[in-house]
Amino acid sequence: MMASYSTRKRVSVMFEEKQREKGLLLVFTGNGKGKTTAALGLAFRAIGHDFPVCMIQFVKGSWKYGEIEAAKHFDNLMELHVLGRGFTWKSDDLTKDIKAARDAWEFAARIIGENRHRLVILDELTYLISYSILQEQEVLDVLARRPENMHIAVTGRNATEGLIDAADLVTEMRNVKHAYDNGIRAQKGIEF
């Protein structure tokens, strides 16, 4: 027997309510390659829908990355801010790295609060927590207060339990095989 029109309509409305749009917290973590690449894929998809995107890179420094050049092609919809001083584990001055990272976090918190972007990518933010530059709860508080329709993607190894628990989606990149293990250096257009 077929359900009545009013029953079908009520079920349809309930389904639509469950399918409402909500800003998601996405975490790309793990030891494998592809965390930033996955976040950039989201940026490309968001730009395809005319959603403004902001990417903040917390660790990457003065290298010429492909994503920096690509972002210039979408300058009306994509902001990319490289605010780190390079790979912290190769630091010449850890004090400067910590200050740059904290300044970058304050900038990111301000960007989130301004609500000008539909997607904000916090590239390699996990390192700031795992290196104790930022307290996990400080980060979680800002992420929890994000505007309702804002998506935030966080990348980096060693995502904390609290960040994973707060996320709507977590993907762990697992290293199965990497060319670097066979002495092949980082490749332009693949790693940077």
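Bear in mind these aren't lab numbers, they're just calculated from the coordinates by the rules spelled out. Quick caveat, the model's predicted, so the values are computed rather than measured. Neighbour counts are summed over all protein chains in view; Cβ atoms, including those assigned to glycine, are modelled from backbone coordinates with ideal geometry.
Things to note:
- Segment ASN158-ILE184, length gained on full extension (0.36 nm per residue, minus Cα span): 6.9 nm
- Cβ crowding within 10 Å averaged over residues, with 32-39, 177-184 ranked highest first: 32-39, 177-184
- Two-decimal log10 I(q)/I(0) for the range 94-184, as the Debye equation yields it once each C-alpha is a single scatterer, q = 0.22 Å⁻¹: -1.14
- Alpha-carbon centroid distance for the pair the range 152-185 / the range 110-138, whole angstrom: 16
- In a DSSP loop and with at most 13 other Cβ atoms within 10 Å, the GluC sites (Glu not before Pro) in the range 113-192 are GLU148.
- Across all directions, the average projected area of the convex hull around the alpha carbons of the range 23-182 is 9.5 nm².
- Relative contact order for the range 23-182, counting Cα pairs under 8 Å that sit 6 or more residues apart, in percent: 40
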